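The values are calculated or read from the model by the stated rules, or taken from the named source; none is laboratory data. Here the structure is a predicted model, which means the values were calculated and not measured. Note: ideal-geometry Cβ built from the backbone for every residue, glycine included; neighbour counts use all protein chains shown. Each accessible area value is taken on the protein alone, full model and side chains, heavy atoms only, with ligands, DNA and RNA left out. Shrake-Rupley method; radii C 1.70, N 1.55, O 1.52, S 1.80 Å.
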Amino acid sequence: MNNEKKDWALEQDLKYNRLTAFKLFAMTSSMVISVNELAPFGKTGPTALFYLLIAGTAWFVPITQMAGEMASIDGWEKGGIFTWVKGSLGDKVGWTAMFYQWIHITVGMDTMMYVIIGALSITFGTPWFNTTPIVRLILMMIILWGATAIQVIGIRKIGRIAEWLFILGIALTVILLIISFFVYLAQGHRVHIVINWHTIIPHHLNGTTLVAFVPFMLALAATAICFDLLGSMAIGMTVPKGEIQNSTGFVYTYGKLLTSIGLPGDLLQKIVGVMLSCGIIGELCNWIAGPNQGMYEAAKEGYMPKFFAKTTKHGVPIRIMILQSSIVTVSALLITFTSGADADFAFNVSLAATTAQYLMVYMIMLIAYMVLKKKHEDYHRMYYMTKNPNLSIAIAILALVITVVAFFVTFVPAQGTAAGLRGIYVETLIGMCAIVSILPLILYQWHEKWQKE
């Protein structure tokens with residue numbers, strides 16, 4: 001009887017781990033398609049084309065090539081950025097890079113929840129969801145801790161649900177938005193931005209134009225560029241710039257766009273709001289489940305107290321998930337109450353903080369790659385970005401310059417930030433980045449002690 005149960009369990013594992021076309025699409029798309037940035041992209045206007053081109057060719061492509069080269073080195077196949085950085089810069093820096101990668105996701109959850117609440121505020125006709133800080137926080141806590149609590153069911157089951165929620169709630173809604181946009185254009189409706197060489201290229205580089213570039217660092221791959229470009233153009237060309245809010249722009253555009261092409265926009269907008277909310281909740285569940293596996297492995301190796309190296313009977317590292325959700329709660333309290341009734345301010349701060357911490361990871365990775373090419377070119381690998389080490393280093397330096405500039409630009413308040421909130425914006429970002437920078441170094445001081453436990 002026990003053998004039959006084991007065989008059945010094994011079969012379930014095999015079924016779940018089998019990479020079907022549907023699963024492959026859901027996995028890869030959920031990594032690169034995010035509706036969180038579509039409204040900020042739409043606000044950017046036609047220069048979105050320029051930013052996507054620069055970010056894609058001068059930053060994303062080299063980053064992926066370098067990652068591919070480091071992953072192909074003998075013994076570096078597993079562990080991702082922790083292994084790569086550790087191999088070039090040592091154990092301490094490797095742990096720091098992995099910690100930065102994990103922590104940026106926690107703040108990113110705030111951004112996702114602000115979009116969920118913005119969508120629900122339009123769906124139910126309750127703008128106070130989005131403008132009353134205490135209500136916004138309560139809703140965030142329900143979403144966050146609800147998603148955390150259901151992880152005890154098991155990561156495999158959550159993963160299946162999340163895949164369907166993503167397909168129905170995010171991929172499908174973005175595709176429908178793009179189709180509706182093409183219908184809008186075919187019917188000859190007015191467009192609110194003009195695309196030509198003069199409007200695509202930003203002619204004045206200042207804080208306002210540079211800060212518009214920052215969100216593009218978060219969404220870059222061939223699929224993502226197509227979705228992001230068409231989705232952002234659908235928003236930017238059909239809705240006046242002054243009406244676009246970052247936290248509600250996606251759902252609001254649906255109502256305007258569908259009404260314009262002769263469909264019942266008010267009703268369909270509410271349906272889309274529910275679909276979008278469910279899709280992002282599914283994505284949130286994946287964010288809670290996936291990255292914490294890496295931190296769980298780190299805890300087992302002594303980079304965190306052994307208390308966190310425990311799982312439930314379903315293999316879920318629930319203690320690390322609770323730690324992560326607690327960090328999200330603290331950041332949500334900080335951002336939500338400093339923003340007051342300004343929902344866009346809260347969204348902009350959380351997006352900027354996510355981007356800044358994300359870029360910190362790649363600063364370390366790029367330096368590690370340069371050290372690899374300078375000192376360890378003799379390491380056997382299956383793939384090279386280029387056989388010329390000096391050219392590889394030059395490309396890495398260019399990518400590093402872009403990364404550093406983008407990092408500092410995140411501290412420039414987004415366009416439209418109220419004068420009274422600009423100082424809070426900068427102070428909040430500096431405080432969050434400072435804490436995140438110091439924390440892994442403090443934890444590492446107990447590394448040897450925890451390893452011996």
Given a Förster distance of 45 Å, the FRET efficiency implied by the Cβ-Cβ spacing of residue 422 and residue 175, rounded to the nearest 0.05, works out to 0.75
By how many nm would the segment from residue 415 to residue 131 lengthen if fully extended, with 0.36 nm per residue of separation less the alpha-carbon distance?
-> 100.3 nm
Give me the accessible area of residue 316, 1.4 Å probe, in Å² rounded to the nearest 10.
-> 0
Residues meeting the amide H criterion for residue 73 (H placed from the backbone, H to H distance under 5 Å, 5 or more places apart or on another chain) are 382
Hz values of 3J(HN,Hα) by residue in region 252-263 - Karplus curve (6.51, -1.76, 1.60), Gly and Pro given as x | 4, 4, 4, x, 5, 5, 5, 5, 4, 9, x, 9
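Determine, from the Cβ-Cβ distance of residue 377 and residue 256 and an R0 of 45 Å, the FRET efficiency 1/(1 + (r/R0)^6), rounded to the nearest 0.05. Write down the numbers at each step before the final one.
Working: r = 56 Å, r/R0 = 1.24.
Once the sixth-power term is evaluated, E becomes 0.20.
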Calculate, for residue 124 and residue 446, the FRET efficiency according to 1/(1 + (r/R0)^6) with r their C-beta to C-beta distance and R0 41 Å; round to the nearest 0.05.
-> 0.30
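Could you please put 424, 117 in sequence from largest to smallest accessible area, using a 1.4 Å probe? Before the final figure, lay out the partial values.
Working: 424 55, 117 0 Å².
I get 424, 117, largest accessible area first.
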